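Scroll down for the structure; my scribbles are underneath it.
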């Protein structure tokens, strides 16, 4: 029995927002985390963009992605300082204003105590009509505007929030196979092309490795259709041997 | 003496092309490498996009970036197999055809010997009018189309090619400062805003750290204007103490 590659499969575009990543001040931890977790969930990450803390770039990217992907996940830029522009930018992307969110303000006030001030209020100024996903284990809620899921940028807060809500993001895990060949890519190219045409539900990749001699090529196959994956591997492996 | 933040400063958009990165089969090594090297060169990386091996996504991104940034750097998708679509996609982005590049074909034939076949020729089919940057130490040339610099995706080849041509990419290194405060972001937000207005050539960032108690905030300042950087630090540090 074959399961067709369904067009209703959940897809994601991830927007990693922060000058500090592009300038190399801090390594990006949120991008690799999302890649790993989305793979485990069986959700297809189709695009990952690292953007500066600049509203025009964020507005353009959100507008471009919102209709193309099931979810747009953003990280970063939701704090109280001058370089935190994600929330107003996303509001503008959808033509909405910002509104003080009473519940979020109350929780912030509880948390910050005497340090709760006007600047802290900025963190509770959300795009009008935003929903909050807030589970017990989270330090900071996910702010949801249309299909945009807005996460904090601090990696510890981001990963904790993501894991708390990940069950809401439905996926369908992939099965994967790989083997290594001593042939070169030009020698196996025709077989790879034919296999990718015969088994259109199997995504085939080839990756040359030059670190050690003899040079090798890693051939990978992935699919949600286990029968097709097995057939494809049985056909392809001997032709690359 | 102040040096104005010049609008002629070199900027880069990096396009990391490869299903294997988005699906988590392989960690991205080229993105972090470019972030590090561009910082050392003093070139501003303004955008980093990880794209699948799909021509429409590459075409759209190249068209969008070519007029906005000094250089568009791509990695990946230049091999001989079915999933290598970068060269035809970039040709299409500029409305050019593909042409077999005689010199590249000759070099490939020398390198591959009896394994040089029709599939291998695909690697030498370049956008019409492309230039090659090819230094002694490189295993694979940089293919240059307008302001797009096309690198291979295999990290060892990519880094070797980049280092061989990096002197052609002119930059102006930044100076950086940082300090840590025990205050919270809301408490220092007003001072950060004022400093970023007073010293517009200084890029100021703030990054909360929650890994250990007491929680801290790292304040960073960067500029190509050393006088402004020193003044800004001297003004800001005591106000965050």
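Whether any residue in region A:45-67 is assigned to a loop (DSSP other than H, G, I, E, B) and more than 12 Å from chain B (Cβ to nearest Cβ) is what I want to check.
yes
Could you look through region A:136-155, keep only residues that are within 14 Å of another protein chain (Cβ to nearest Cβ) and touching a strand residue (DSSP E or B) at 6+ places or on another chain (Cβ under 9 Å), and pick out the one that is farthest from residue A:75 (Cα to Cα)? Break it down stepwise before answering.
Residues of region A:136-155 within 14 Å of another protein chain (Cβ to nearest Cβ): A:138-140, A:152-155.
Right, trim to touching a strand residue (DSSP E or B) at 6+ places or on another chain (Cβ under 9 Å) and you get A:140, A:152-155.
Details: A:140: 12, A:152: 5, A:153: 5, A:154: 8, A:155: 9 Å.
Going through the qualifying residues, I end up with A:140.
Just checking, does region B:90-97 include any residue being under 19 Å from the mean Cα position of the chain (by Cα) and at pLDDT 95 or above?
Taking every residue of region B:90-97 in turn, at least one turns out to be under 19 Å from the mean Cα position of the chain (by Cα) and at pLDDT 95 or above.
Could you grab me the full set of residues in region A:178-187 that are more than 7 Å from chain B (Cβ to nearest Cβ) and over 11 Å from residue A:218 (Cβ atoms)?
Applying the first criterion (more than 7 Å from chain B (Cβ to nearest Cβ)) to region A:178-187 yields A:178-183.
Scanning region A:178-187 gives A:182, A:183.
Taking only region A:122-131 into account, find how many residues are surrounded by 17 or more Cβ atoms within 10 Å (Cβ to Cβ) and outside any strand (DSSP E or B).
Adding up the residues that qualify gives 4.
For residue B:76, state whether it is touching a helix residue (DSSP H, G or I) at 6+ places or on another chain (Cβ under 9 Å), over 18 Å from residue A:13 (Cβ atoms), within 14 Å of chain A (Cβ to nearest Cβ) and modelled with pLDDT of 95 or more.
yes
Of all the residues that make up region B:148-174, how many are surrounded by fewer than 14 Cβ atoms within 10 Å (Cβ to Cβ) and not in a helix (DSSP H, G or I)?
Total meeting the criteria: 2.
Identify the residue in region A:68-79 that is assigned to a loop (DSSP other than H, G, I, E, B) and within 21 Å of residue A:29 (Cα to Cα) and, among all such residues, is nearest to the chain's Cα centre (by Cα). Give the steps one after another, and end with the answer.
Initial filter on region A:68-79 (assigned to a loop (DSSP other than H, G, I, E, B)): A:68-70, A:76-79.
Right, trim to within 21 Å of residue A:29 (Cα to Cα) and you get A:76-79.
On the way: A:76: 13, A:77: 16, A:78: 18, A:79: 21 Å.
Applying the filter and picking the extreme gives A:76.
In region B:199-220, is there at least one residue being in a helix (DSSP H, G or I) and outside the structural domain of residue B:44 (by TED's automatic domain parsing)? First the steps, then the outcome.
Looking only at region B:199-220, we keep the residues that are in a helix (DSSP H, G or I), and these are none.
Within region B:199-220, not a single residue is in a helix (DSSP H, G or I) and outside the structural domain of residue B:44 (by TED's automatic domain parsing).
The values are calculated or read from the model by the stated rules, or taken from the named source; none is laboratory data. Quantities reported herein were computed from a predicted structural model and do not represent experimental measurements. All Cβ positions, glycine included, derive from the backbone under ideal geometry; neighbour counts span all protein chains shown.
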